[in-house]
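Okay, structure first, notes after.
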Amino acid sequence: MAKWGQGDPRWIVEEREDGTNVNNWHWTERDATSWSKGKLHELLVGIIVENEAGRCEISELKQVEGEASCSSRKGKLIFFYEWNIKLSWKVAAAVYIPTNGALDFPFLHILTSAHLFSVMAILTGIIKESGVKHKGLVEIPSLSEENEIDDTEVSVSKKKGDGDILKDLMKTAGTARVKEALGDYLKALKTEFTMGMILPTKAMATQELTVKRKLSVNPLQIQASSPVALGVRIPTVAVHMTELFDTAAEQLYSIFTVKDLVQKFSKSPAVLEVEKGGKFQMFDGNITGEYIELLTNKKIVMKWRCRNWPEEHYATVALNFVPIPGQTELQLDCKGVPVCKEENMKFCWQKQHFEEIKGLLQLTTLNG
């Protein structure tokens, strides 16, 4: 193996604390589908365009089908996205109400079979919604990396009836606003979502340290700089799950807090210090954390992480035990799950916790 500073730098193993994806050379991939659906809803729903004829608003994201992902290879990011989107839009037509009876239309053109007349006038009054509602659809059949935003097809339709002026408003100003929002989605995908995918390299760390030292130099007194702690922020999601168990809240609580019971449902050694600030370790060390709050038979709050998560990154897991007649509802609220680990998190709790605990309860009932 070549030493640091020798040979092709792409193949040099850096002295990284996490030992992960040296020089960002290896292929990594992150699923952006769930994040994208939320971001598209945030950016598209609520768009408003208006003129003297009325006000148009995108009121609902009716359909968003497709997928998105981001991959990293050789320090470069590669994006894939393909979406079929349908939006509902609605309008309230406007009606003009004169306030003093004076009508004067600047350069109003009147065309008859024989002549074109121009009339100058001033109209004094107010515009109010007539109460006439119109509805329609905005369809984006193919938003993908193969086309530029300006070339993306956006079609506008309206239910039968009057209101073609408002339909034209959506086709022009509305379409422009929609494309602007789609552009904002792509910017967020390439910046907000990808935070943490390109890991700091040794060269980047040295450069950052040099800059910090230059900024902190005092001409009269040079102080030794302490090591700079490197870290990256990663996008996270919240996970909420509920499950019913055919047992009392007291027994279900004990399954999460008694070492022997934890080892039975996890089928692996466990270490538990069941007190505030106490540590725990389960599934052969794949799950570790710390107890933040313990309310006997009611609630458990933990700092919680999987071994393959970014170094020192913890989610906050809250378990609420809600007794109902003959059963207990377990409410799981988890905040701070890395976006790329959302599905793994759900699988872990559903398959390795909920289903295994139900199996343990059935076995206990049979043996009892």
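The values are calculated or read from the model by the stated rules, or taken from the named source; none is laboratory data. Predicted model, so just to flag it, every value in this text is computed and none were measured. Using ideal geometry, Cβ is built from the backbone for each residue, glycine included, and neighbour counts are taken over all protein chains shown. Heavy atoms of the whole protein, side chains included, go into the accessibility calculation; ligands, DNA and RNA do not. Shrake-Rupley method; radii C 1.70, N 1.55, O 1.52, S 1.80 Å.
Points to keep in mind about this one:
- Projecting label points 7 angstrom from Cα along Cα→Cβ for Lys298 and Ile149 puts them 5.0 nm apart.
- Potential extension, Glu275-Asn51 segment - 0.36 nm per residue separation minus Cα distance: 74.4 nm
- Three-way shape label, the stretch 309-368, alpha-carbon gyration tensor, a/c 1.5: prolate
- Using a Förster distance of 41 Å, the FRET efficiency for Glu65-Asn286 (Cβ separation, nearest 0.05): 0.75
- Of all aspartates and glutamates in the structure, those lying under 13 Å Cα to Cα from Lys358, and not within fewer than 8 positions of it along the same chain, are Glu243, Asp246, Glu329.
- Summed residue charge, Cβ within 10 Å of Leu61's Cβ, Lys/Arg positive, Asp/Glu negative: +1
- Heavy atoms of Glu153: accessible area, 1.4 Å probe, square angstrom to 10: 110 Å²
- Think of the stretch 255-343 as having a plus end and a minus end, set by charges on the Cβ of Lys, Arg, Asp and Glu; of Leu294, Gln331, Ala318, Leu294 sits farthest toward the positive end of this dipole.
- Fully extended contour minus Cα-Cα distance, from His41 to Gln350, at 0.36 nm per residue: 108.5 nm
- Using a cut-off of 29 Å between Cα atoms, the listed pairs Lys267/Lys298; Lys167/Lys190; Lys62/Lys351; Lys135/Lys179; Lys37/Lys259; Lys76/Lys279 include Lys167/Lys190; Lys62/Lys351; Lys37/Lys259; Lys76/Lys279 as exceeding that distance.
- Karplus-derived HN-Hα couplings along the stretch 327-340 (A = 6.51, B = -1.76, C = 1.60, θ = phi - 60°), whole Hz, x at Gly and Pro: 8, 9, 8, 9, 9, 9, 10, 10, 10, x, 7, x, 3, 6
- Under 9 Å, Cβ to Cβ, from Ser155 - net charge with Lys/Arg +1 and Asp/Glu -1: -1
- Note on the stretch 262-366: Cα-Cα pairs beyond 19 Å make up 47% of the total pair count.
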